1. If we count other beta carbons within 10 Å of each Cβ, what is the order of 109, 63, fewest first?
2. Sort 70, 99 so that the residue with the fewest other Cβ atoms within 10 Å of its own Cβ comes first and the one with the most comes last.
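Coordinate-derived values only; no laboratory data. What you see is a predicted model, and the numbers here were worked out from it, not measured in a lab. All Cβ positions, even for glycine, are placed from backbone atoms using ideal geometry, and neighbour counts span all protein chains on display.
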Amino acid sequence: MGRGLMGLILEAGTTAAAFVFVAVSLFVPSALSPTLRIGRSEFQDLQEKNDMTSNHYVGLWVTGDGHIRHELLPNGRYIEARGNKERAYQGRYQVKGDHIDYVDDTGFTADGDFRQGILYHAGMVLYRD
């Protein structure tokens, strides 16, 4: 296909610049639309990171009495405050759909679910602050 098209272009008397443009666009598509080339696992890592950091659950979640506060940071980390202790627990979290998994820095794991704008976690109910 490429040879026939170039032959038609040359026969039509197009300028050398037009020929170069068409040749480059046919044989070097990245010259016209540069793209990032990464491997599959790198893409999956970027996609997971993007899912985690762009989720609409990032922010502060608080129990009704204000005693427990979860701050979900956009970098996939969280800080849990309890009463006057501002950093009672901290670690990383991952959101998949409406489910959240926590792993604190000591290795303790917990999870929760978001339903209708409310976080249900370990018997607690947290609301967006």
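1. Lowest to highest Cβ neighbour count: 109, 63.
2. 99, 70
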